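Working notes, structure below.
The values are calculated or read from the model by the stated rules, or taken from the named source; none is laboratory data. All values reported here derive from a predicted model rather than from experimental measurement. Virtual Cβ from ideal backbone geometry, glycine too; neighbours counted across all protein chains shown.
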Amino acid sequence: MSTRSRRGGGGVVGAVRTDVQRLHGAWMELVFPRQRGRGHSVMGKWKPETLPQKVGYHAWSSLGALGLLLLYPLTVVGLATRFYATKLDSTRTRLGVAGVTAIALFGWGTLTVIAHIQLPFDAFVAIAAASAVATVSTALAAGFSKFGGRGTSVLLAYPFAMTALFLPPVVAALVTPSLEGIVLEPSYEFAVWVLDNVLHVGGLDEFLRSNYELEGAAYAAMWVGISFPLGWFFGLVVALANLVRPSD
């Protein structure tokens with residue numbers, strides 16, 4: 001029997017139905033026993049018998065159904081993220097942590113040398129600092145991915161991987177004027193939006209505007225700061241995807 005048949009057929013529709021059933025079953029099993037994956041179990045799926053049990057069961061089920069409106073789109077994001085993360089992880093497996101770190105060190109070291117030759121000293125220092133952060137982040141992401149468990153991957157590997165991915169275009173834009181309109185200007189607009197809509201609580205936006213200027217290495221620092229919560233987000237949605245569709 002094919003994998004598609006076991007999942008209920010129907011192509012994409014059948015796969016979505018199976019995913020939703022698994023998520024809803026996991027939600028129900030937080031409170032009620034024997035809810036997830038009990039279709040072929042000898043004991044079968046637990047069902048409420050008394051009136052209070054039925055009321056609580058159906059109320060919890062309805063609440064879970066509403067939550068699926070938010071959770072399933074995140075599951076789709078997690079499945080896509082897991083696909084590309086697996087591609088990167090296969091590269092790390094072939095090269096090893098040392099090999100990945102060596103490639104990052106060579107690439108960032110070359111950029112630092114070019115910056116030292118062509119740019120003012122202040123710009124060179126900024127590029128060198130960003131290069132060091134990116135190289136260390138690459139090594140840490142590869143190391144935590146290889147030697148850590150799922151929790152370590154979510155907490156540390158994904159954020160450091162995001163840092164290693166975000167810094168190259170930002171640093172390239174700092175040394176390449178033609179990239180400023182593509183990378184730095186959208187970054188500035190995004191920073192303004194975050195200050196106006198996210199960090200305005202408690203006057204944090206005024207503090208940042210009064211004490212810091214978004215120029216030079218500050219762009220790199222901003223994206224390093226963004227990479228950690230974004231990495232946690234992607235790590236969590238991948239964990240959610242693994243709950244719905246466990247990887248082989």
Item to check | Number of the condition not met by K47 [criteria: (1) more than 30 Å from L156 (Cα to Cα); (2) assigned to a helix (DSSP H, G or I)] | outcome: (2)
Item to check | Verdict on W27 being farther than 30 Å from A141 by Cβ, in contact with a Pro (Cβ under 8 Å, 6 or more places away or on another chain), surrounded by 15 or more Cβ atoms within 10 Å (Cβ to Cβ) and at pLDDT 80 or above | outcome: no
Next on the checklist: Can you find a residue that is touching a helix residue (DSSP H, G or I) at 6+ places or on another chain (Cβ under 7 Å), free of Cβ contacts under 8 Å to residues at least 40 places away in the same chain and of a type in the set (F, W, Y) anywhere in region 137-154?
Outcome noted: yes
Next on the checklist: Can you pull out every residue in region 189-248 that is in contact (Cβ under 8 Å) with a residue 24 or more places away in the chain and polar (S, T, N, Q)?
Outcome noted: S227, N242, S247
Checklist entry - For region 114-133, how many residues are modelled with pLDDT of 80 or more and of a type in the set (S, T, N, Q)? => result 1
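For (1) acidic (D, E); (2) modelled with pLDDT of 80 or more; (3) in contact with a Cys (Cβ under 6 Å, 6 or more places away or on another chain); (4) within 18 Å of M28 (Cα to Cα), each residue gets a yes or a no:
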site: K47; (1), (2), (3), (4): no, yes, no, yes
site: L51; (1), (2), (3), (4): no, yes, no, yes
site: A59; (1), (2), (3), (4): no, yes, no, yes
site: L66; (1), (2), (3), (4): no, yes, no, yes
site: L74; (1), (2), (3), (4): no, yes, no, no
site: T81; (1), (2), (3), (4): no, yes, no, no
site: K87; (1), (2), (3), (4): no, no, no, no
Next on the checklist: Take E185 and tell me if it is closer than 22 Å to L119 by Cα, over 17 Å from the mean Cα position of the chain (by Cα) and of a type in the set (D, E, K, R).
Outcome noted: yes
Checklist entry - Based on what the data block shows, is A85 more than 21 Å from A241 (Cα to Cα) and either within 19 Å of the chain's Cα centre (by Cα) or crowded, with 17+ Cβ neighbours inside 10 Å (or both)? => result no
Item to check | Number of the condition not met by F124 [criteria: (1) surrounded by fewer than 17 Cβ atoms within 10 Å (Cβ to Cβ); (2) over 30 Å from V20 (Cα atoms); (3) free of Cβ contacts under 8 Å to residues at least 40 places away in the same chain] | outcome: (1)
Checklist entry - Looking only at helices (runs of 4 or more DSSP H) that fall completely inside region 132-248, which ones have 3 or more residues that are loosely packed, with under 12 Cβ neighbours inside 10 Å and not small (G, A, S)? => result 185-197
Checklist outcome for this item: Looking across region 101-121 at residues that are among the hydroxyl-bearing types (S, T, Y) and either exposed (fewer than 13 other Cβ atoms within 10 Å of the Cβ) or under 27 Å from the mean Cα position of the chain (by Cα) (or both), the single one that is nearest to P177 (Cα to Cα) is T110
Item to check | Scan of region 77-91 for residues that are under 20 Å from D19 (Cα atoms) and touching a residue at least 40 places away in the same chain (Cβ under 8 Å), ordered by number | outcome: V77, G78, L79, T81, R82
